[in-house]
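Chemist: I have a structure here, written as structure tokens, and I will follow up with some questions on it.
Derivation of every value follows stated rules applied to the coordinates shown; laboratory data play no part. Quick caveat: nothing in here was measured; it's all calculated off a predicted structure. Positions of Cβ are generated from backbone atoms using ideal geometry, with glycine treated the same way; all protein chains shown enter the neighbour counts.
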Amino acid sequence: MTGPAPLAPPPGARACRLRTDRGDFAVVDVPAPPGVEQRGVALLLPGFTGSKEDFHLMHEPLAARGYRTVAVDGRGQFESKGPLDDETAYAQRELARDVLAQAAALDAGAPVHLLGHSLGGQIARAAVLLDPSPFASLTLVCSGPAEISAAQRDRVKLLRDALAVMPMDRVWEAILAMGDPEDVGGPARGLGGPEHLRRRWLGHSPAQLAATGQQLCTEPDRVDELAAVPLPFHVLSGVRDGTWPVPLLDEMASRLGAHRTVVTGAEHSPNLDRPLVTARAVADFWDRHRAR
């Protein structure tokens, strides 16, 4: 018997490998269609336990607005390879350097718009702080100023403890036995149903999950440092968020002088809850900050 077929890419997409000077990364690359004015290129980074597929529902409306969007599995995420037991490979600075290499490999001819969801937002922030020159703007989607909430820290600790003593398939079974995976420190929800979520979970490196989970629990506040970078910023969230409370995101946006979007009817994953509204808000922001 064969396993479930991979989740189909969105219309016009190429599911391929992005070759960089730091290795190859699995991406979904969706160009603007012929006849549409080419307005720019964007690099999309998923969150903790997530994957490039988390942006599937945003690609088509962004392409229609003239944006080529490239969603990437980071090192050790889903279909991008990484060490299974070496957490040092997933230090935040190393992941940030991967993002800089990915932006360079896009060969966009102009700075790219960078967007990160949750953990992906904190990695994106670290990349911009290393070198902002490859980027036209930074959008933080449900990604806060410092460590995650106390309740989420407890859930991530449960996950880290389980990964230390059980293989990935056993951890998956334990998570399902405890309830909704997203509520017990397990995989973020996504497209494709339970079999696809299981496949995505098993594709992750346990070292990547342990290292990035620890980062989420200990991340310092770097907002003032980021505010000194001469880039346009966009802070986007739903109306509720248990990972970083929405008032905290409001305050962060104010400190950054950022454009602020709150997507009604959405929580921690506006890209999945309200993808068309989210894509429209993102494209409107990018239109105001066209790469040169």
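Chemist: Taking only Cα atoms and a 10 Å spring cutoff, compute GNM fluctuations for the chain and point out the largest among His117, His196, His204.
Modeler: His196
Chemist: Read phi for every residue in region 258-271 and hand back ³J(HN,Hα) as whole Hz from Karplus 6.51 cos²θ - 1.76 cosθ + 1.60, θ = phi - 60°, with x for Gly and Pro.
Modeler: Karplus values, whole Hz, x for Gly and Pro: 8, 5, 10, 10, 10, 8, 5, x, 10, 10, 6, 10, x, 4.
Chemist: Principal axes first, then extents: for the Cα atoms of the chain, list largest minus smallest coordinate on each axis, whole Å, largest first.
Modeler: Each principal axis gives a Cα extent; for the chain these are 50, 45, 38 Å.
Chemist: When only C-alpha pairs under 8 Å and at least 6 residues apart count, what is the relative contact order of the chain, in percent?
Modeler: 21
Chemist: Another one. Based on the alpha-carbon gyration tensor of region 36-127, what equivalent-ellipsoid semi-axes (square roots of 5 times the eigenvalues) come out, in whole Å, largest first?
Modeler: 24, 14, 10
Chemist: Where in the chain are the DSSP H helices whose C-alpha atoms run 27 Å or more along the long axis and whose mean Kyte hydropathy is at least -1.0?
Modeler: Membrane-span-like by this rule: not one helix.
Chemist: For the chain, what is the mean residue ellipticity at 222 nm derived from helices alone (per DSSP H run of n ≥ 4: -39500 (n - 2.57); sum divided by total residues; nearest 500 deg cm²/dmol)?
Modeler: Taken over the chain, the calculation gives -12500 deg cm²/dmol.
Chemist: By count of other Cβ within 10 Å, fewest leading, how are Asp284, Asp107, Asp224 ordered?
Modeler: Ascending Cβ contact count within 10 Å gives the list Asp107, Asp224, Asp284.
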